[in-house]
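Here's the structure, in structure tokens; my notes come after.
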Amino acid sequence: MHPARKKRLLLIVLMVVGVSVATAAIVTAMSQNLNLFFPPRDVAAGKAPENTTFRVGGLVKPGSVSRDQSSLAVNFVIYDMEAEVAVSYEGILPDLFAEDEAAVATGQLTNGVFVATQVLAKHDENYTPPEVADAMREQAEEGSYE
Amino acid sequence: MAAEIGLLTLWLAFGASISLALFPALGVKLQNPSLMLLGNWFAALVFALLSLSVAALGAAFLADDFSVAYVANHSNTLLPWYYKLTAVWGSHEGSILFQVWILSCWLLALSLGGRSIELAFKAKVFSVLGLVTLALIAFIVFTSSPFERLLPFAPNEGSDLNPLLQDFGMIIHPPLLYVGYVGTAVAFAFAMASLIERRDDDKWAQWAQPWALVGMVFLSVGITIGSWWAYAELGWGGWWFWDPVENASLMPWLVSVALVHSLSVNVQRGIFRSWTVLLAISAFSLSLLGTFLVRSGVITSVHAFATDPERGMFILWILLLVVGGSLFTFALRAPTQAVQRKYGLLSREFFLLLNNLFLVVITFTVLIGTLWPLIADALNWGKISVGAQYFNWVALPIFALTVLTAPMAPFLNWKKTQSNRLTSRIIVPLALALVLALVIGFSGGYHWQGYLVWFSGLAIILASASVPWYSRSKQRGFKSIRATVWGMTFAHAGLGVCVVGVGMTSLESVERDVRMGAGEPVAIGDVSFTVERFYRLDGPNYAAEAADVIVNEGSSVTRLTAEKRRYLASGQIMTEAAVDAGFTRDVYVAMGEQLDNGDWAMRLQVKPFMRWVWYGGGLVAFGALLSAFGRRSRRRETMEVGE
């Protein structure tokens, strides 16, 4: 083969390999780090997977927040118009976490309890996480047709 | 009254920016130099009008004019005066006005400086920037005017500025970042002008270089301070979250870094022309994309403003016009005659190519991760979020590759380098880095990753530092070294400092959430924390629970005060962490929540070499600044010699 052509071929092969490696890396990293969002009613309906990390979001049920006496473990309930999900978490809750306010928890469902590794609340007075807002709006609209 | 003046001057600025887009272009068409020169005047006029407009909004804040909706929603009579002023850019409407005003500062700078630029070329740059300004002002007046009145029912009291924004970091972080964001428009305008002129020389790259560098300086400083602010104000000690809005500022930065490197190849060797143009277009497009992500509220983020689809659509249209228009121009007018210059694998060209490639790939992976939730939502694949791990897994390895090429590049010559010469020079800093890494690693008792972090960080720092050492002349010593070389040295060394900071805090930080009562000591490693007392503390517009914490570390004793504030007007709760900043470690104390028996849940952290992340960012910015202005003074020198 002509040396120049050989060089070009080598370059193309390298580029193809590089792009494939990068794509493979993106796809693998993506598939293991994508967290689906479920509103409580979907969790209650069994649509959410067990032992897989996902996010659940809704309002924090008034009166449901209870702190352990000796540790930083805390339990609370996230609810929407149709269902409730019990959440357990260990650590410090965000400043704007409050009863009857929107919150989104990331974690896994084990034995019917959602064990959260992270809890997010809205960050200012006028803001609701879009997923929670959408789910609420959807349910409100469905409700009006029933 | 102030609001009306503000709105009026904003509309006048709208008109002035139409003239800015029109007259210089007309001058080019008619080959009339005096029309082209009008660009300078209209640029200054746009600046003057927008300055009045911003000042009017500031005056409305200072006068507590709560009949103005924006003031009523983001201020309060109890708010200290400096926060009243910074509230101007504290939320959507005001900050977009502020952003356009900063664009007009760039316009002013361009009209005062840039004297070496050919008149007709500058006219085209002004026309392009006039269009950009026009689009952004249209966005304000049609979708988000900060001057709307709440008449006839004006409230007596405002609802206060978001407490998160009542912080020194917030006073300086957004303006700096905006300067950088908007700065990408300037490099973009240069690139577009070069396409329009079908330039086949590299002069435009030479003209664009300092502007692109200064833009990058501000992006670097803005991101660095943003990270520091997140650490101090909302991060619970975290300093980077791969939050969509952080990514939105990181992407233009990555591309800007690629751009300044590509520009230098362009200037010195006349190659990478089309590539440089594409980078300039991408940097600006990514800035607009960032603006879209922040303003539309489509993504869950700590930075997101309340959702408004109309605003999102407007920016999306601007973005489509910019990307579509510029790529179309590129397709029609890109330099057709590619310059062929041979260079080997061990050449500066090749390494700069690698650097560009890596940076663009990182940008691409970050872009995919950031936009994926939007794409999935649009295609009805469910509502998803991309975890921070994705970015760590994909972007960090490529970043490590970039870091590896950085210390090598300055030792390489253009075209090709003798490998034995390269080895003989680079071996000294590498050996020194190895020895130092072993000593530091051993004395710190680190794992092998710690050794690796120190070795790579020190290798970059020492290799960069040895460049001026090797290239100093016998007669004049270090004085013979050009400012641009110093600039590169500082910027690359900053990268090394950053590597140490990021690596050490990620590997060696200790973070503990504990239950603490007064007088009960808690130890982390050889640092011991004792709460002296919990008490009430009142500020001008908040009431706080505070804790005095005594930190014992060997022989040194520090007293820190952490606070949990409740802002009176909004009822919002804010954690004010107490940080004892140090050169080799940060000690961080934050109050979580009060528990039943009066104890508090507290977060205690010891973070080794935390500051180095930000020192590194600062050095990068300083280096780029030296490089930008060094170029200018050198040109002046040669001019003097020529005369």
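Read the figures in this text as sums done on the coordinates, not as results from a lab. Computed from a predicted structure; not experimentally measured. Note that each Cβ is placed from the backbone with ideal geometry, even for glycine, and that neighbours are counted across all protein chains shown.
Details
- Footprinting exposure proxy ranking of B:Glu553, A:Glu131, B:Glu576, fewest other C-beta atoms within 10 angstrom first, gives B:Glu553, B:Glu576, A:Glu131.
- Extension gain for the segment B:Met1 to B:Asp538, taken as residue separation times 0.36 nm less the Cα-Cα distance, is 189.8 nm to one decimal.
- With R₀ set to 51 Å, the beta-carbon distance separating A:Asn51 from B:Gln475 gives a calculated FRET efficiency near 0.10.
- In segment B:548-630, the chymotrypsin sites (Phe, Trp or Tyr not before Pro) that fall in loop regions by DSSP, at most 10 other Cβ within 10 Å: B:Phe583
- Between B:Phe328 and B:Arg566, the simple label model (points 7 Å from Cα in the Cβ direction) yields a spacing of 5.9 nm.
- With the simple model of a label 7 Å out from the Cα in the direction of the Cβ, B:Ala55 to A:Lys6 spans 7.2 nm.
- D by Stokes-Einstein for segment B:391-441, Kirkwood Rh over Cα pairs, 25 °C, 0.890 mPa s: 189 µm²/s.
- In degrees, nearest ten, helix A:130-145 long axis to first principal axis of chain A (Cα): 60 degrees
- Förster-model FRET efficiency, 56 Å R0, B:Thr423 and A:Asp100, C-beta, rounded to 0.05: 0.25
- Average projection, convex hull of the Cα set of chain B: 33.0 square nanometres.
- The phi torsions of segment B:509-522, fed into the Karplus equation with coefficients 6.51, -1.76 and 1.60 and a -60° offset, translate into couplings of 5, 10, 10, 9, 9, 10, 8, 10, x, 4, x, 9, x, 10 Hz, rounded to whole numbers, with Gly and Pro shown as x.
- Extension reserve of the B:Leu119-B:Met313 stretch, reckoned as 0.36 nm per residue once the Cα distance is removed: 66.2 nm
- Label-point gap, in nm, between B:Ile172 and A:Ser31 - each point 7 angstrom along Cα→Cβ: 4.7 nm
- Kirkwood Rh, angstrom, segment B:495-619 [1 / mean 1/r, Cα pairs]: 15.5 Å
- Exceedance of the 24 Å cut-off in Cα-Cα distance is limited, within the set B:Lys124/B:Lys342; B:Lys29/B:Lys203; B:Lys122/B:Lys203, to B:Lys124/B:Lys342.
- Amide hydrogen proximity for B:Ala544: with H placed 1.01 Å from N in the peptide plane, the residues at 5 or more positions away or on another chain lying under 5 Å are B:Leu537, B:Asp538, B:Gly539, B:Arg566.
- Per-residue HN-Hα couplings for segment B:589-605 [Karplus 6.51, -1.76, 1.60; θ = phi - 60°; Hz; x = Gly/Pro]: 10, 9, 8, x, 9, 7, 9, 4, 8, x, 5, 10, 7, 10, 10, 10, 9
- Separation of alpha-carbon centers, segment B:98-158 and segment B:1-61, rounded to whole Å: 8 Å
- With bins 5 Å wide beginning at 0, the percent of Cα pairs of segment B:7-101 falling in each bin runs 3, 14, 20, 17, 13, 10, 8, 6, 5, 3, 1, 0.
- Contour excess over end-to-end distance, with Cα ends at B:Phe153 and B:Val141 and 0.36 nm allotted per residue: 2.1 nm
- In this structure, B:Asp596 and B:Val435 have a Cβ-Cβ separation that, at R0 = 51 Å, corresponds to a calculated FRET efficiency of about 0.40.
- Spatial separation of Cα centroids for segment A:1-66 and segment B:382-441, in angstrom: 27 Å
- Average projected area [Cα convex hull, segment B:424-471], square nanometres: 3.0 nm²
- Cα-Cα P(r), the protein assembly as shown, percent of pairs per 10 Å interval: 2, 12, 21, 24, 21, 13, 5, 1, 0, 0
- Considering only alpha-carbon pairs that sit under 8 angstrom and 6 or more positions apart, the relative contact order computed for chain A is 19 percent.
- Across A:Arg67, A:Arg55, A:Arg41, mean-square fluctuation computed from a Gaussian network of chain A (C-alpha pairs under 10 Å connected) peaks at A:Arg67.
- Exposure rule at most 15 other beta-carbon atoms within 10 Å, DSSP loop trypsin sites (Lys or Arg not before Pro): chain B longest free segment: B:477-643
- Here segment B:100-201 was treated as a single set of alpha-carbon atoms; its pair distances binned every 10 Å from 0 give 12, 32, 28, 17, 9, 3, 0 percent.
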